[in-house]
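Undergrad: A single structure is presented below for examination.
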Amino acid sequence: MARGSSGIVAGLTAAAVAAVCFLAYQASANAPDSVAAPSASASSGPSARPSAKPVPPKDPLAVPEDSDTGARVVYGLKDRRVWIVDDKEKALRTFTVMPSSVNPLPGVYRVTSRSGTIKGSDGVLIEHVVRFTSVDDVSVGFSAAQDGSMESPDPTLKTGGVRMKRADGDAVWTFATVGVKVVVVP
């Protein structure tokens, strides 16, 4: 009798597996395409549906694409960042800055004047001032506070100093001599 009962159990198991396979087939045949399609991770074979190539994330430190060409200083208003770019389009240095209360319009400018050490329009002693434009009679340029501060400018004062750390100010001072291109991007 043991032989007969094992045959019955085997037969019932086979019937159950067949029933489950049939029901699974029926479910997948009637399921919407969004659910019935196998996922890319479920199979290693080629997909019946072409997928868009993933777009690599943009490097946030990369020189902005629409920032002209050649040796230049690029000032990103929205990014609050400056790039020093050589004539081979390589960023030699990039760093964050504290914008002034008066901002220039996006465009191409040239360094017009420089001052080693002066008192800023906000009363702070600054160094390595590199001016490149003026807006409503306010000179706009890069500078570093001698005390190393990068405070937000008083919005009630019209100041044009784009502040940076002293080491960054040294780099701009060395690179941006009179006539060097400064490109302001949104």
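Undergrad: Under a straight-distance cross-link criterion of Cα-Cα below 18 Å, which lysines are reachable from K90, leaving out those fewer than 8 residues away in the same chain?
TA: Cα-Cα hits under 18 Å: K58, K181.
Undergrad: For segment 50-110, report the accessible area per residue in Å² (1.4 Å probe, heavy atoms, rounded to an integer).
TA: It amounts to 65 Å² per residue over segment 50-110.
Undergrad: Please give the peptides 125-132, 165-172 ranked by average Cβ packing (other Cβ atoms within 10 Å per residue), highest first, as a rough proxy for protection.
TA: My ranking of the peptides, most packed first, is 125-132, 165-172.
Undergrad: Round to a whole number: what % of the accessible area of segment 47-185 belongs to carbon and sulfur, probe 1.4 Å?
TA: 52 percent
Undergrad: Which one, V180, S115, G161, projects farthest toward the positive side of the charge dipole computed for segment 68-186 from Cβ point charges (K/R +1, D/E -1)?
TA: Comparing the listed Cα positions along the dipole, V180 ranks first.
Undergrad: About its Cα centre, how strong a charge dipole does segment 85-186 have in debye, to the nearest 20, once Lys and Arg get +1 and Asp and Glu get -1 at the Cβ?
TA: That gives segment 85-186 a dipole magnitude of about 260 debye.
Undergrad: Excluding D87 itself, calculate the net charge of residues whose Cβ lies under 11 Å from the Cβ of D87, where each Lys or Arg counts +1 and each Asp or Glu counts -1.
TA: +2
The values are calculated or read from the model by the stated rules, or taken from the named source; none is laboratory data. Predicted model, so just to flag it, every value in this text is computed and none were measured. All Cβ positions, even for glycine, are placed from backbone atoms using ideal geometry, and neighbour counts span all protein chains on display. Accessible surface areas use protein heavy atoms only, side chains included; no ligands, DNA or RNA. Shrake-Rupley method; radii C 1.70, N 1.55, O 1.52, S 1.80 Å.
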